[in-house]
Amino acid sequence: MDIKTYFSEKLSALLFLEIKKDSKINDFVVLDDIYFPVRTNEIIQKVKKKEDFDNIPVNLFIEGMFYVLGADELFKYNKEYKQIINTIPNSIGFIKGVIFKEIQNEKYEEAFILLKGLLTIEESLDNYDKIFLLVDKLRSTNIMFKDEELKLVESAKKITDYSKPYLYESLIFNTENKHDLALIAISNYGIKGGEQTVEVIELKNTLQNITSFQKAKELVPNNPKAALKILIPLMEQLGDKPDIYYHSAVAYRNLQNYEKAIYYLNEAQAIDKDLIEVVNEFGINYACLENYELAIHYFRKAFEVTKSIEICTNLVMCYLNVKDLDGARMHLEIAKKIDPKDEIVIQLENLFTEGK
């Protein structure tokens, strides 16, 4: 279900009572027949008490109007509802009390809709602060509210020197693993004067570490020295994650420092012994050191899990280097079954053909 459908279902639970033309609500005169909304649960209570509908307090209508304003910004009578709300003394204070009770009763979705309606009447920083807390809590348990939070973020950004939307934008991006965008948002939060709480500082530091790590990973293939300048200092913060040691090992292998690469692979395996990419990397480094027996040991372990054509052809090469032609032929046949058109497989097949 999308959020629009969800709100439509919420609206369908309201009872709309017809108010005739020329009726007067405080200083507001109804110019045409109109329907006033009442939240159904309030009507049910009145029915149980056998009260006359004609004696429904105007506050129940006001509550219903705020609810409609929050649930459907394009509702037919929104203009009239806003005019009526503005003629009723203390309507804003009343609805704030209703919202407070809904939050106390942990009816967060109802409170959110009413608070969203309140924002259409009173667009204050205090109301934004409250609705951000609510919608972020709702998003954490129901992704459907993400779009609502993002809409509020964009709306609140129009307020000069208001920092909160950038904080919540950062939280959303962070949960979506868009760490570079999350870092930009949390930085903007600081620029706008956002409070530097322990949680905010920790989030910013975490995002800086993650984005630096991502940059380093991108540098590993073509600029391993630059990658290591980032990776090695990051080990102090990310030392409990095997990935940082694995990528450092790949960088050292690209620099042909195979012993150092193996050192970092051991560090990675000490944290997680089941990472197949680490097992395969061991094989590559030992093959580079011409320790083919040990390379075969690791490649076989990796191939059992991945059935990778690349690992299989690496095994063929290692068996050839230890003069085990039977092992080489056997794994070449396996490789041909995986992908007979693979370029390395074709080259190895030609090598065997020429050797006959």
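The values are calculated or read from the model by the stated rules, or taken from the named source; none is laboratory data. Quick caveat, the model's predicted, so the values are computed rather than measured. Virtual Cβ from ideal backbone geometry, glycine too; neighbours counted across all protein chains shown. What goes into the accessible areas is simple: the full protein's heavy atoms, side chains included, and nothing from ligands, DNA or RNA. Shrake-Rupley method; radii C 1.70, N 1.55, O 1.52, S 1.80 Å.
Summary of values
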quantity: Spin-label proximity, D129 to region 154-169 - amide N less than 14 Å from point 7 Å beyond Cα toward beta carbon; calculated: 162-165
quantity: Principal axis dimensions, largest first and in whole angstrom, of region 177-223 by Cα; calculated: 40, 17, 17
quantity: Under DSSP loop assignment and at most 14 Cβ neighbours within 10 Å, longest GluC sites (Glu not before Pro)-free interval of the chain; calculated: 196-289
quantity: Residue-normalised accessible area of the chain, given per residue in Å² at a 1.4 Å probe; calculated: 55
quantity: Sulfur and carbon atoms: percent of accessible area, region 102-155 [1.4 Å]; calculated: 49
quantity: Projected-area mean, region 137-226, by convex hull of Cα positions, square nanometres; calculated: 7.0
quantity: Computed over region 58-185, Cα set: Rg, Dmax in Å; calculated: 15.3, 50
quantity: The chain, Rg to Rh (Cα coordinates; Rh as Kirkwood inverse mean 1/r); calculated: 1.26
quantity: Extension reserve of the K107-K151 stretch, reckoned as 0.36 nm per residue once the Cα distance is removed; calculated: 13.7 nm
quantity: 20 Å cut-off, amide nitrogen to a point 7 angstrom out along D2 Cα→Cβ, residues in region 130-154; calculated: 139, 142-154
quantity: Cα lying deepest toward the dipole's positive end in the chain, options I103, L133, P37, charges on Cβ; calculated: P37
quantity: Geometric extent, Cα atoms of region 89-142 - Rg, Dmax (angstrom); calculated: 10.7, 37
quantity: Within the accessible area of region 249-300 (1.4 Å probe), percent carbon and sulfur; calculated: 42
quantity: Computed over region 229-356: relative contact order in percent, which uses C-alpha pairs under 8 Å that are six or more apart; calculated: 14
quantity: Cα centre as origin, Lys/Arg/Asp/Glu Cβ charges: region 48-153 dipole, Debye; calculated: 160
quantity: Interchain or long-range residues, amide H under 5 Å from K178's placed H; calculated: none
quantity: Solvent accessible area, Å² - R329, 1.4 Å probe, full protein context; calculated: 110
quantity: Charge-dipole axis of region 93-240 as Lys and Arg at +1 and Asp and Glu at -1 on Cβ define it, positive-most pick from F145, Y168, G190; calculated: G190
quantity: Which listed pairs, of K96/K204; K229/K273; K21/K130; K10/K82; K76/K96, have C-alpha distances above 31 Å, in listed order; calculated: K96/K204; K21/K130
quantity: Global form of region 300-356, assessed from the alpha-carbon gyration tensor, a/c cut-off 1.5; calculated: oblate
quantity: Distance (nanometres) between label positions extended 7 Å along Cα→Cβ at R329 and K273; calculated: 3.7
quantity: Student exercise, the chain dipole from Lys, Arg, Asp, Glu Cβ charges, in Debye to nearest 20; calculated: 200
quantity: Additional length obtainable on full extension of the chain from L17 to T175, 0.36 nm per residue less Cα span; calculated: 52.6 nm
quantity: Contour minus Cα-Cα distance for K307 and N350 (0.36 nm per residue); calculated: 13.2 nm
quantity: Electrostatic dipole magnitude of region 102-249 [Cβ: Lys, Arg +1; Asp, Glu -1; Cα centre; debye, to 20]; calculated: 700
quantity: Residues with amide H under 5 Å from that of Y35, placed H, sequence gap 5 or more; calculated: I19
quantity: Stokes-Einstein D in µm²/s, Kirkwood radius over Cα pairs - region 202-356 at 20 °C with 1.002 mPa s viscosity; calculated: 128
quantity: Spin-label pair Q208/N59, simplified geometry with 7 Å Cα→Cβ offset, distance in nm; calculated: 5.1
